[in-house]
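The values are calculated or read from the model by the stated rules, or taken from the named source; none is laboratory data. Treat the numbers as computed from the prediction; the structure is a model and nothing was measured. Because the Cβ atoms are built from the backbone with ideal geometry, glycine has one as well, and the counts that use them run over all protein chains shown.
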Amino acid sequence: MGESITRKIISAHLVEGEMTPGCEIALRIDQTLTQDATGTMAYLEFAAMGIPSIRSELAVSYIDHNTLQAGFENADDHRFLRSAAARFGAHLSRAGNGICHQVHLERFGAPGKTLLGSDSHTPTCGGLGMLAIGAGGLDVAAAMAGYPFYLQMPKVVNIRLHGQLPPWVTAKDVILEILRRLTVKGGLGKVLEYSGEGVSHLSVPERATITNMGAELGATSSIFPSDGATKRFLASQARVDAFRELMPDADAVYDEVIDVDLAQLEPLIALPHMPDNVVRIADAAGKRVDQVFIGSCTNSSYSDLVRAAAILKGHTVHPDVSLVIAPGSRQVFHALALSGALADLIAAGARILESACGPCVGVGQAPTSGGVSLRTCNRNFEGRSGTGDAGVYLVSCEAAAAAALTGKITDPRDLGEPIAVQAPERFLVDDSMIIPPPVQREHIQLVMGPNIKPFPAASPLPDEIMGEVLLRLGDNVTTDHIMPAGAKILPLRSNIPAISMHAFERVDPSFAQRALAAGGGIIVGGANYGQGSSREHAAIAPLYLGVRAVLAKSFARIHMQNLVNFGLLPLVFARDEDYDHIQAGDRLAIGQIREQLAYGVLSVRNITRDTVYPVTHGLSKRQIEIVLAGGLLNYVRRQTP
């Protein structure tokens, strides 16, 4: 029986466990990446482990999220990250060098390798044939320390691409179509592996757009074969030595198969406020647009932006539209300048931003109140843009450029003859903004500014949890709901006491104060609780406020592991209807936790309503030990000689 690409890579990196879907496995991690919104905490956690040097094959620390320096906080974090990279042995990609996923694709990604990143969009590098997985910062810190990464063995879903994309239909439309079919919960516990003759018609940047937004499906990862297109891309980066062919066996067996006829696809658009709220762009055409943003880790490659420039060339942005563009990397920025495309963008009236995440995470360029913003990003959660009542729509670069010219949502096919662009055979390679670690590091000290607070100590999980239901939430609660990003809050990522005061503020501005006054409590959520970002602050902040348990119908993968990593108990309703019987303000009690965790089914008593609910946990023996210890850091300290 033949093997898939996914199972081949897992088999080659398997440290523990059996490759049976649902069973816990442990993987050796070759490469790690962090970014500054998660990396400061990850390196504080690494330092707290007491391990002197990074043990993974490669570690890269990127500065790409918190680049707006309205105060000293972000600059201090950057200085700390520079000192931590030098002290522990990581490469540092400086502010201005680009978005972590775009730069890693260009300069470090390699077929057949494993990559663990403290960012949910780490699977972008699956476009190169890597098994790239997003995780919380503490899991990445453990991987840098040489520990394997534990996860449930995923199912492998084969998405077979047939035919070729029609004119004006793009890779963004491919992943929007898959989101339309599967929803934001459809990838849970799965790796999406792409195959079929349609793959040969997609470049690596196009493949990376698709694997990037696999995160929006909740997928563990997404991966493409490593083939001739991969070799050409690596050659363009002067890294052809990193190439290895990686294909599924001809008789490979998959857990599921989904067929997509590329020739039948149309330009698509995700309406507010979820990436799976997808319709044909023709059905949304005509709606007035206030802002267009072209960029983010999803669509900021040279090919993406040069196509937008070709559409805009010789025209002027509509007077009612603000067009902002952020190249994904300094290399892309430079290539646009050399080709003349940058001049075309400027002449059209585009506002050029630095090579960073920027508007995608609410750092600058918030839309007008009640405004409509078309973006080439991967997420359009309510309030994420920085404007609470704005409507954010997700589209391709072509559709974004068309709207910038017309002032309304426009089917790009209405622009006429399709454009044709060619990526350079060789990009100008300049790694001067990537600082390698020094050979001698023992004398280097960590530099911590006043906003960087020590990693908070965690206590073991008590054998009884009793508290008020502080919030009762619905389905698909995102980490943006739990712990918002944005220019005002992101600078507090290294200051847990301060950032905790913003927990759930988009849901209930009084939450933090209520939680403190109540001495903590319990959160109740619906299905897919914690989808979205890998930000572990969505677990740390509730913990700091006294929350020790979350009850939900189901959890997103990364957030559930983050809860475990910080000693919060994630529990799943055995009967969905029990969720309906609990209300905010009810007082719940969970007793004999250690005994019940070992049994597998726990009882939650609703003291207010004199009712008992059975709940499960789905945790492995190792995860139970972690949560009982008060989190992964305490657990690792016990394991470290």
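The table for this structure:
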read-out	value
Condition met for Glu24 (over 15 Å from Val447 (Cα atoms), surrounded by fewer than 24 Cβ atoms within 10 Å (Cβ to Cβ), among the charged types (D, E, K, R) and out of contact with any Pro (no Cβ under 9 Å at 6 or more places or on another chain))	yes
Failed item, numbered, when Ala517 is tested on (1) in a helix (DSSP H, G or I); (2) crowded, with 23+ Cβ neighbours inside 10 Å	(2)
In segment 170-184, the residues that are surrounded by fewer than 21 Cβ atoms within 10 Å (Cβ to Cβ) and part of a helix (DSSP H, G or I)	Glu177, Arg180, Arg181
Every residue from segment 217-230 that is among the polar types (S, T, N, Q) and not in a helix (DSSP H, G or I)	Thr220, Ser221, Ser222, Ser226
Test: Val572 is in a strand (DSSP E or B), over 28 Å from Lys155 (Cα atoms) and not aromatic (Phe, Trp, Tyr)	no
Single match in Arg288, Arg330, Arg280 (criterion: over 18 Å from Asn212 (Cα atoms) and either out of contact with any Gly (no Cβ under 9 Å at 6 or more places or on another chain) or not assigned by TED's automatic domain parsing to the domain that holds Thr406 (or both))	Arg280
Scope segment 175-214; condition within 21 Å of Gln531 (Cα to Cα) and among the hydrophobic types (A, V, I, L, M, F, W, C); matching residues	Ile175, Leu176, Ile178, Leu179, Leu182, Val184, Leu188, Val191, Leu192, Ala208, Ile210, Met213
Test: residue in segment 246-257 that is within 23 Å of Ser203 (Cα to Cα) and among the hydroxyl-bearing types (Ser, Thr, Tyr)	no
Count of segment 591-641 residues which are in a helix (DSSP H, G or I) and either among the hydroxyl-bearing types (Ser, Thr, Tyr) or more than 30 Å from Met49 (Cβ to Cβ) (or both)	4
Segment 29-55 - residue that is charged (D, E, K, R) and more than 18 Å from Ala95 (Cβ to Cβ) and, of those, surrounded by the fewest Cβ atoms within 10 Å (Cβ to Cβ)	Arg55
In segment 134-169, residue farthest from Ile258 (Cα to Cα) [restricted to those that are part of a strand (DSSP E or B) and in contact with a Phe, Trp or Tyr (Cβ under 7 Å, 6 or more places away or on another chain)]	Val156
Residue that is of a type outside the set (Gly, Ala, Ser), out of contact with any strand residue (DSSP E or B) (no Cβ under 7 Å at 6 or more places or on another chain) and modelled with pLDDT of 95 or more, where the choices are His104, His78	His78
Subset of segment 590-605 [of a type in the set (Val, Ile, Thr) and out of contact with any Phe, Trp or Tyr (no Cβ under 6 Å at 6 or more places or on another chain)]	Ile590, Ile593, Val601
Segment 335-346 residues that are farther than 11 Å from Tyr302 by Cα, paired with ones that are among the charged types (D, E, K, R) and surrounded by fewer than 21 Cβ atoms within 10 Å (Cβ to Cβ) (beta carbon under 6 Å, 6 or more apart)	Asp344/Lys313
Which numbered condition Val15 fails, given (1) at pLDDT below 95; (2) surrounded by fewer than 16 Cβ atoms within 10 Å (Cβ to Cβ)	(1)
Spans of strands (runs of 3 or more DSSP E) in segment 1-60 with at least 1 residues within 21 Å of the chain's Cα centre (by Cα) and assigned by TED's automatic domain parsing to the domain that holds Asp480	none
Output for segment 217-265, where each listed residue is buried (at least 18 other Cβ atoms within 10 Å of the Cβ), of a type in the set (Val, Ile, Thr) and out of contact with any strand residue (DSSP E or B) (no Cβ under 7 Å at 6 or more places or on another chain)	Thr230
Ala335 farther than 30 Å from Val507 by Cα and crowded, with 24+ Cβ neighbours inside 10 Å	no
Extreme residue, surrounded by the fewest Cβ atoms within 10 Å (Cβ to Cβ), among residues of segment 303-324 that are among the β-branched types (Val, Ile, Thr) and either outside any strand (DSSP E or B) or outside the structural domain of Ala337 (by TED's automatic domain parsing) (or both)	Thr316
Residue ID - farthest from the chain's Cα centre (by Cα), chosen from residues in segment 80-107 that are surrounded by fewer than 24 Cβ atoms within 10 Å (Cβ to Cβ) and assigned to a loop (DSSP other than H, G, I, E, B)	Gly89
Arg160 vs. criteria under 22 Å from the mean Cα position of the chain (by Cα) and charged (D, E, K, R)	no
Residues located in segment 64-79, provided they are in contact with a Gly (Cβ under 8 Å, 6 or more places away or on another chain) and crowded, with 24+ Cβ neighbours inside 10 Å	Asp64, Asp77
Subset of segment 185-216 [crowded, with 20+ Cβ neighbours inside 10 Å, assigned to a loop (DSSP other than H, G, I, E, B) and touching a strand residue (DSSP E or B) at 6+ places or on another chain (Cβ under 6 Å)]	Gly187
Single residue of Ile25, Ile29 found to be in contact (Cβ under 8 Å) with a residue 12 or more places away in the chain, closer than 16 Å to Val191 by Cα and touching a Leu at 6+ places or on another chain (Cβ under 7 Å)	Ile25
Which listed residue, of Ser500, Ser533, is touching a residue at least 24 places away in the same chain (Cβ under 8 Å) and not in a helix (DSSP H, G or I)	Ser533
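Conditions tested, residue by residue: (1) basic (Lys, Arg); (2) buried (at least 18 other Cβ atoms within 10 Å of the Cβ); (3) under 28 Å from the mean Cα position of the chain (by Cα).
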| residue | (1), (2), (3) |
| --- | --- |
| Arg548 | yes, yes, yes |
| His559 | no, yes, yes |
| Val564 | no, yes, yes |
| Leu569 | no, yes, yes |
| Leu588 | no, yes, no |
| Gln592 | no, no, no |
| Glu595 | no, no, no |
| Asn606 | no, yes, no |
